[in-house]
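What follows is one structure encoded as structure tokens, with my remarks underneath.
The values are calculated or read from the model by the stated rules, or taken from the named source; none is laboratory data. This one's a predicted model, so the numbers in the text were calculated from it and none came from an experiment. All Cβ positions, glycine included, derive from the backbone under ideal geometry; neighbour counts span all protein chains shown. Heavy atoms of the whole protein, side chains included, go into the accessibility calculation; ligands, DNA and RNA do not. Shrake-Rupley method; radii C 1.70, N 1.55, O 1.52, S 1.80 Å.
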Number of protein chains: 4
Amino acid sequence: MPNQPNIPKPEAQSRRVGFAVVGLGELSAEELIPALRTSQHAYLAAVVTGELDKGRAFAKAAGLSDADAYTYEQFEELGQRDDVQAVYIVLPNNLHRDYAERAAKLGKHVLCEKPLADTTKDAEAIVKACKGAGVLLMAAYRIQYTPHHWAAKKAVAGGKLGSIKLLDSIHAQVEDDASAWRLSFKQAGGGPLVDVGIYCLNTMRFVTGLEPEWVYAAVHQPKGDTRFKEVEESMSVMLGFPGGLIANMLTSYGAVKTDTLRVLGEAGSVTLDPAFLYVGLDLELSDKAAKTTPQFAAYNQFTLEVDHFAECIQSGKTPYTPGEEGLQDHRIMDAIYQSARSGKRVELEKFSGQDVFRNTDNVPKHIKAQP
Amino acid sequence: MPNQPNIPKPEAQSRRVGFAVVGLGELSAEELIPALRTSQHAYLAAVVTGELDKGRAFAKAAGLSDADAYTYEQFEELGQRDDVQAVYIVLPNNLHRDYAERAAKLGKHVLCEKPLADTTKDAEAIVKACKGAGVLLMAAYRIQYTPHHWAAKKAVAGGKLGSIKLLDSIHAQVEDDASAWRLSFKQAGGGPLVDVGIYCLNTMRFVTGLEPEWVYAAVHQPKGDTRFKEVEESMSVMLGFPGGLIANMLTSYGAVKTDTLRVLGEAGSVTLDPAFLYVGLDLELSDKAAKTTPQFAAYNQFTLEVDHFAECIQSGKTPYTPGEEGLQDHRIMDAIYQSARSGKRVELEKFSGQDVFRNTDNVPKHIKAQP
Amino acid sequence: MPNQPNIPKPEAQSRRVGFAVVGLGELSAEELIPALRTSQHAYLAAVVTGELDKGRAFAKAAGLSDADAYTYEQFEELGQRDDVQAVYIVLPNNLHRDYAERAAKLGKHVLCEKPLADTTKDAEAIVKACKGAGVLLMAAYRIQYTPHHWAAKKAVAGGKLGSIKLLDSIHAQVEDDASAWRLSFKQAGGGPLVDVGIYCLNTMRFVTGLEPEWVYAAVHQPKGDTRFKEVEESMSVMLGFPGGLIANMLTSYGAVKTDTLRVLGEAGSVTLDPAFLYVGLDLELSDKAAKTTPQFAAYNQFTLEVDHFAECIQSGKTPYTPGEEGLQDHRIMDAIYQSARSGKRVELEKFSGQDVFRNTDNVPKHIKAQP
Amino acid sequence: MPNQPNIPKPEAQSRRVGFAVVGLGELSAEELIPALRTSQHAYLAAVVTGELDKGRAFAKAAGLSDADAYTYEQFEELGQRDDVQAVYIVLPNNLHRDYAERAAKLGKHVLCEKPLADTTKDAEAIVKACKGAGVLLMAAYRIQYTPHHWAAKKAVAGGKLGSIKLLDSIHAQVEDDASAWRLSFKQAGGGPLVDVGIYCLNTMRFVTGLEPEWVYAAVHQPKGDTRFKEVEESMSVMLGFPGGLIANMLTSYGAVKTDTLRVLGEAGSVTLDPAFLYVGLDLELSDKAAKTTPQFAAYNQFTLEVDHFAECIQSGKTPYTPGEEGLQDHRIMDAIYQSARSGKRVELEKFSGQDVFRNTDNVPKHIKAQP
């Protein structure tokens, strides 16, 4: 049936990379575990959670056995599991560092949800730990793995838009649950900026291949709203990129779901709206001759992501979004918060080691295959 | 035929207000003179231009006689024309003040293209001159006269969106002609901000009924591009409104035609895209229950505008966008340029006398009549 | 301003073809006379109407003199007007023949609104009269002159859609005025089929370059609705084209404005929706790689049409839609009504002489110039 | 995360209805088994297939044991499984009758994929067998269970469109595999009409609550295309409904995926495009005041369907689409094929017992809950 993702035949399981998913929240249950089930190069080998019962239920539902479920305390037992080559850390941000370091110690490769950590310092520690242990580290941004975002990037690079002049991106959604860990500064390290605004930031960097030189930001944190005692409700950010390119972004936990990206050039534009959803992305490339919406075979963003990391593990290549890529977002977000606090523009230092697409023609296979 | 504007029957010409159009550029030729021909309460009585031949050709084409064409030097002869009650100034910005003051002296009401002038000082002088002469002054913003923008305003005020959290607006287009008066600082008083960015600014003020408290801006003026020797190519502006509401806007003469407005609330959103075109506006109101695109009978924005001013002249009422409304945009644009120069946030002082919709329920008739 | 039609410079008036517009209804007033004013190769030289006062008012508004207005009785006086080379007949369908024959007798070229006549017999007489008098005859279908419909035709011919399998077209609108001549069988010769359904028919023939071999039709003419005493309210038509290609069409005077065309091929599709409006056409070409909406500079459909006929008169070439093209629609519509009456499928005979695009690469200049 | 279906809490498994899925093709693997996993009132209890290994793999993946997998020969062993209350038949059409009769004999309720059978006679036999055995029978059309199609139905019934005048529906897709059982007349009982065109037919009946009185059809079956030796490639069908309402439909296995439904009334219209996909349906309600796209919480069509049947089993109520509803489509499709063969219009007899929505206000719970 035509509205189904076209699932390529998986490799034999003996060849595939076994993953332990650490943390069984909504994202793991609804997206990551199903994605691993349709992966070509990866499979779910174990789950780690706070409640053993819950873990066993997930294991069983995924065709695993009781022995494949671990408590957080039992995490180190994964060291004896040769079939678990990688862990996927899906925990509150402030726990990323602990589990990444423990995984590195066990010699397990680390796929870590975005943001890489709760603070820049912890993000640096994660990068260092993985490097020291000789394991791969990848920040789990989705957008570097989808045909839609790649088509946007290629349109920007391809010259049809002429010089790029302006960027505009919004990512907002309503966070209603005052008790969510995302609203705890200690657990999240920030508000909507680090959770959803990071997509605007990371995607603008990805599609342009450029790093911001300065930022200016304003923040809104309404008094009397119990949800926003510790983190901001909304932020507006202006970013200066090389060559006079200016970008605006808006992010919020207080406004209806909106996720867009516009790139305006002198001869054409790129619009993604929605830009960051798991499904239903809509891309329009516009120039004088036509408005074009490229069509892609259906795909699962999480499957593409875990498959990429599995292939890197198989081949020893650096992932498209190594830890340094995630670290760079932390440095920029630090500058954004600093600007919001001071009311002043903040300059950024040069940084290297970010995503491996920067100024390369390093296009992933499944993207190249697209028409 | 159903795709034609529904033109209401005009009043008898003896009742209608005679206009002299001052300046016969593209806007006058393509939009204003045709609009006056389908007006209910106004009609074209005279034209004023630099070349008498051109003026006579326009007069004839519009069913007038040679005697209805004047040169700029003959402007004062309009004083003898009792049938000319109003002038519509459609000249480079730096000429607005001179003709507004001369018109006021003749006792003619003044409809003046946006921006009201080239500088705040001149804008103030125009307001003063008209007040002193007891003639009406209206800044010719279109957006306060269309059902689309009113539906947006009413949606924002109506409560269905919940609290408004974020605004985002873009108005960009390519200016290719290096010799255009719009690229002369002396004639225009600024670049894309004063010409097209002003729509973002003015419309955000209109739909929210709020005035910005501070602005922050960054500018791009590429060296070596002969078009941008005197004025900016692109600007990004952040605006702080009361209650923590933050707005972003982008404007440019170097990027493809783009004109959008988004208002994001906690329970819904308003999107205009295109937001500022003469025809083809598209409005979407979105909440949990539905995405809704109100349908309106076809209309001509310029006709609605001149009809409103004609009705004010007939009835003695203050126009919806008096000179003070145009003056306020000048004050804000001053602050924007100041911020761009200094790299610092600029606070705005309180100001009153702006558009007469501010915090009122003063909805124009033709809007109320909409379903 | 970017949302204005790009009007090419007109030729000197001495070179241009003078038109007399015969009939001053809404179409003439709102579309044809304005279109002639922005034409490159044509201009309005005279008007013919029932009321001399009305004619003179139109003449004056168009920059003509009282002497350029004629009553229907004075039609033959156009014979003395060398500057009137063509007449544009914009009258109830049953009057087309009379004025076409009279124009031909005066040696004037004939541009005739669609449908060519009220009956096939009259359409044949018009073709014969013009041929006999050596004047050009053109049926005023708009769709053969727009970049949108040409892009649709070229997409069908271009092979990217693969074999064409199915066509679907709808043209409906509400006719509310029970006294309209369009609802009089004597004056119109039929109902929505001959007025709006003819666009579906004619455009399907144009984009495919094929002629139907058989038709089947069903009709709805509600009893008790005073509007539909003489003509049908709604019709559904199935048409068989060569090669097994099947088309459906729906037309109505009783349903909300809807005008669409879909062409489905094995590898792609063409969708026009709206397909027949004067402005705001939307074309989407879809294949596996992309959905594409070609962008065109703004244009006036009626200007393109009269310019084409003027150029044919200047050069002696056959118009793209000669009388035979209009006659062929009459033959097909006869068969459609016959099928609706009998409840049986009706076979069509072969016919030649239709539009000059049929199986040629005869693409108009202004279309070729498109990107 | 907002782009996930909102999955209501399931009942305790002891309360839920156990299903055996009979046939493990793509639809079962990709849609039905996952749907049963997120069902409120149903769960997967067993699978039946031709290859035991395949069955066991599916069972394991779904958290079942080897003992829950059966071969077709072992079908009768389900009789001993009290926990299996229903079977879901997902087999080539010509096998529906056999398995429905065998299931009825075992006292199992029958949910049967559309079309109900390969012939009207077999469809009648299925209805009779289930009635005789006192088990429930439901035809697995999806569209009676989605908020989108219900909103369309309610818009038609609600009066805002005025009288309904015209219907137009298309369902086409490319069938490339010449060996597919869908292209075998023996196995499928017909071509695209019985497989995808049936959606047009069934949905037009659903949204109007009306039964066609006559049909006219034309067929295309290209010689030399090995795919279409036994069944048609394309069909066009005209249907006459009571009150003069006319409908057109097109269906094909030779044209790109297209699935649309339009309902045109005198005051408004309903458009579904896509109309029949598993995900991504787009509904627009249009009247003079607005174009409205109702928004619904994400849902899984198959989950809603199996949940409905499970609830009927729990409560003893007749399903919304009983066997008679499926049987009626067979009768109409027989008439369509007869018309295509004869080239003549075919009248239909009155029939009763179809879907239980016909002329009732019997709106399902999950639909009512929608805003």
> Just checking, how many residues over the stretch C:142-152 are β-branched (Val, Ile, Thr) and part of a loop (DSSP other than H, G, I, E, B)?
Replying inline: 1
>> With the structure loaded, tell me whether residue D:163 is surrounded by 22 or more Cβ atoms within 10 Å (Cβ to Cβ), closer than 29 Å to residue D:260 by Cβ and within 14 Å of chain C (Cβ to nearest Cβ) or whether it fails that test.
In response: no
>> From the list A:86, A:69, A:57, exactly one residue is surrounded by 15 or more Cβ atoms within 10 Å (Cβ to Cβ) and within 21 Å of residue A:302 (Cα to Cα). Which is it?
In response: A:86
>> Any residue that is under 30 Å from residue A:159 (Cβ atoms), surrounded by fewer than 22 Cβ atoms within 10 Å (Cβ to Cβ), out of contact with any Leu (no Cβ under 7 Å at 6 or more places or on another chain) and charged (D, E, K, R) - is there at least one of those in the stretch A:249-261?
In response: no
> With respect to the numbered conditions (1) closer than 29 Å to residue B:25 by Cα; (2) touching a Gly at 6+ places or on another chain (Cβ under 7 Å), which one is the sole condition not fulfilled by residue C:12?
Replying inline: (2)
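Could you please find all residues in the stretch B:303-323 being charged (D, E, K, R) and either within 13 Å of residue B:134 (Cα to Cα) or open to solvent by 10 Å² or more (accessible area, probe 1.4 Å) (or both)?
B:307, B:311, B:317, listed by residue number.
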> Looking only at helices (runs of 4 or more DSSP H) that fall completely inside the stretch D:301-371, which ones have 1 or more residues that are in contact with a strand residue (DSSP E or B) (Cβ under 7 Å, 6 or more places away or on another chain) and at pLDDT 95 or above?
Replying inline: D:301-315, D:323-342
> Which one of these does residue D:215 not meet: (1) at pLDDT below 95; (2) within 14 Å of chain C (Cβ to nearest Cβ)?
Replying inline: (1)
>> Just the residues that are open to solvent by 10 Å² or more (accessible area, probe 1.4 Å), in a loop (DSSP other than H, G, I, E, B) and not hydrophobic (A, V, I, L, M, F, W, C), please, taken from the stretch C:132-141.
In response: C:134
> Looking at the stretch A:242-272, which of its residues are in a strand (DSSP E or B) and either out of contact with any strand residue (DSSP E or B) (no Cβ under 9 Å at 6 or more places or on another chain) or acidic (Asp, Glu) (or both)?
Replying inline: A:259
>> Among the residues of the stretch D:254-296, what is the count of those that are basic (Lys, Arg) and in contact with a helix residue (DSSP H, G or I) (Cβ under 9 Å, 6 or more places away or on another chain)?
In response: 0
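It is to be established whether one or more residues within the stretch A:105-118 are under 19 Å from the mean Cα position of the chain (by Cα) and among the acidic types (Asp, Glu).
yes
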> Any residue at all in the stretch B:251-264 that is over 23 Å from the mean Cα position of the chain (by Cα) and over 19 Å from residue B:332 (Cα atoms)?
Replying inline: yes
> Is the stretch B:150-157 home to any residue that is surrounded by fewer than 18 Cβ atoms within 10 Å (Cβ to Cβ) and either among the aliphatic types (A, V, I, L, M) or away from every other protein chain (no Cβ under 14 Å) (or both)?
Replying inline: yes
> Does any residue in the stretch B:318-331 that is touching a residue at least 12 places away in the same chain (Cβ under 8 Å) and closer than 22 Å to residue B:190 by Cα come within less than 7 Å, Cβ to Cβ, of a residue that is outside any helix (DSSP H, G or I) and of a type in the set (Phe, Trp, Tyr) six or more places away or on a different chain, and which pairs are these?
Replying inline: B:321/B:141; B:328/B:351; B:331/B:351
>> Can you tell me how many residues within the stretch A:268-297 are of a type outside the set (Ser, Thr, Tyr) and away from chain C (no Cβ under 13 Å)?
In response: 10
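Check whether at least one residue in the stretch D:190-204 is in contact with a Lys or Arg (Cβ under 7 Å, 6 or more places away or on another chain) and open to solvent by less than 10 Å² (accessible area, probe 1.4 Å), and report yes or no.
Of the residues in the stretch D:190-204, the ones in contact with a Lys or Arg (Cβ under 7 Å, 6 or more places away or on another chain) are D:195, D:198.
With open to solvent by less than 10 Å² (accessible area, probe 1.4 Å) added as a condition, the list becomes D:198.
The answer is yes, given that some residue of the stretch D:190-204 is in contact with a Lys or Arg (Cβ under 7 Å, 6 or more places away or on another chain) and open to solvent by less than 10 Å² (accessible area, probe 1.4 Å).
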> Does the stretch C:253-267 hold any residues that are facing chain D (nearest Cβ under 9 Å) and closer than 19 Å to residue D:237 by Cβ, and which are they?
Replying inline: C:260, C:262, C:264
>> I'm trying to understand the selection: among the residues of the stretch D:205-244, which are open to solvent by less than 10 Å² (accessible area, probe 1.4 Å) and of a type in the set (A, V, I, L, M)?
In response: D:207, D:215, D:217, D:218, D:231, D:235, D:237, D:238, D:239
> Hey, does the stretch A:280-287 have a residue that's modelled with pLDDT of 95 or more, out of contact with any Ser or Thr (no Cβ under 9 Å at 6 or more places or on another chain) and not assigned by TED's automatic domain parsing to the domain that holds residue A:33?
Replying inline: no
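Among the listed residues B:123, B:117, B:129, which satisfies the condition of being among the aliphatic types (A, V, I, L, M), under 16 Å from residue B:101 (Cβ atoms), open to solvent by 20 Å² or more (accessible area, probe 1.4 Å) and in the same structural domain as residue B:79 (by TED's automatic domain parsing)?
Only one candidate qualifies: B:129.
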> Only one residue in B:23, B:63 is open to solvent by less than 40 Å² (accessible area, probe 1.4 Å), within 14 Å of chain C (Cβ to nearest Cβ) and on the phi > 0 side of the Ramachandran plot, so which one is that?
Replying inline: B:63
> Within the stretch A:10-20, restricting attention to residues that are modelled with pLDDT under 95 and of a type outside the set (Gly, Ala, Ser), which residue is most open to solvent (accessible area, probe 1.4 Å)?
Replying inline: A:15
>> Report every pair of residues separated by at least 6 positions or lying on different chains whose Cβ atoms are under 6 Å apart, first residue within the stretch B:30-46 and under 19 Å from residue B:312 (Cα atoms) and more than 13 Å from chain C (Cβ to nearest Cβ), second open to solvent by 20 Å² or more (accessible area, probe 1.4 Å) and modelled with pLDDT of 95 or more.
In response: B:41/B:311; B:45/B:83
>> Residues to consider are C:346, C:306; find the one that is in contact (Cβ under 8 Å) with a residue 12 or more places away in the chain and within 14 Å of chain D (Cβ to nearest Cβ).
In response: C:346
